[in-house]
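Beneath this line is the structure, given in structure tokens, with notes to follow.
The values are calculated or read from the model by the stated rules, or taken from the named source; none is laboratory data. Quantities reported herein were computed from a predicted structural model and do not represent experimental measurements. Accessible surface areas use protein heavy atoms only, side chains included; no ligands, DNA or RNA. Shrake-Rupley method; radii C 1.70, N 1.55, O 1.52, S 1.80 Å.
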Amino acid sequence: MDHSPWKRELPMASLKTDEDLKSWLVGCDKDIGGFSEANLEITKNGTGRFFGKLSLDLPENESVEKSGYAGCRTKTKASSIFGTPVWDTCLFEYLQLKVKGDNRKYFVNLQTDGFLPTDLYQHRLFLKTPGEWETVLIPFKDFILTNQGFVQEEQIEIFRERVKNVGVSIIDRASGPFELEIESISAVNTGPDPNAREGDDD
């Protein structure tokens with residue numbers, strides 16, 4: 001995308017309608033033989049509900065060494081003769097998420113046109129008021145480069161001009177149910193109100 005004049009917000013993803021749901025993918029270790037379960041639905045209140053149950057049990061006779069993860073993300077848009085549609089977030093300081101979660105450990109994931117297709121930029125989704133709706137702001141500069149779950153020794157700055165998809169995952173090495181509601185995700189320059197919280201522990 002081309003750079004545009006300064007603006008406050010760039011909507012990236014929402015989960016409010018069944019039509020929105022078609023633009024998302026959901027997966028978990030069950031896809032490779034594990035026993036976790038993950039679902040994504042639209043609630044009667046018009047918000048996305050990412051929920052399920054993590055299991056750390058390993059499948060028998062499989063080369064799977066770790067289990068117990070689930071995630072959902074937006075679909076990467078189909079390529080055309082003009083390339084793959086992406087979000088250019090260069091003019092924005094924060095990634096903003098409107099969510100309501102529990103006490104589990106979630107991560108926010110961004111994928112860009114990087115050197116490796118398995119590269120993923122991650123940041124912990126710190127929830128200050130579990131069980132209540134809150135707006136979380138995460139500085140784009142604080143995302144960490146990972147690959148297949150491992151933090152990379154050589155950190156390459158996120159390619160913010162070409163963000164292909166955004167999502168959340170849960171990998172907290174604990175069995176049991178989880179539930180995270182998501183209303184919207186966007187790139188912003190300022191919070192929507194003085195009570196908006198940054199996504200770190202500072």
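Miscellaneous remarks
- Overall form of the range 44-97: prolate. Here a/c, set by the Cα gyration tensor axes a ≥ b ≥ c, is 1.5 or more, and a/b is the larger of a/b and b/c.
- Shape class of the range 117-197 from the Cα gyration tensor (axes a ≥ b ≥ c, square roots of the eigenvalues): oblate, since a/c reaches 1.5 or more and a/b does not exceed b/c.
- Largest mean-square fluctuation among Glu37, Glu132, Glu60, in a Gaussian network model of the chain whose springs join Cα atoms under 10 Å apart, belongs to Glu60.
- Globularity index of the range 67-202 is 1.05 (Cα radius of gyration / 2.2 N^0.38 Å, N = number of residues).
- Principal semi-axes in Å for the range 1-131 [√(5λ), Cα gyration tensor, largest first]: 28, 20, 15
- Under 16 Å from the Cα of Lys128 - lysines, other chains or at least 8 residues apart: Lys98, Lys100, Lys105
- Top of Ile171, Ile138, Ile32 by mean-square fluctuation, Gaussian network on the chain, Cα under 10 Å: Ile32
- Note on the chain: with neighbouring protein chains present and a 1.4 Å probe, carbon and sulfur make up 49 percent of its accessible heavy-atom surface.
- Whole-number accessible area per residue in Å² for the chain, which is evaluated in the context of all protein chains at 1.4 Å: 56 Å²
- Overall form of the range 57-130 per C-alpha gyration tensor (a/c, 1.5; a/b vs b/c): oblate
- Measuring with a 1.4 angstrom probe and ignoring ligands and nucleic acids, Thr190 comes out at about 70 Å² accessible.
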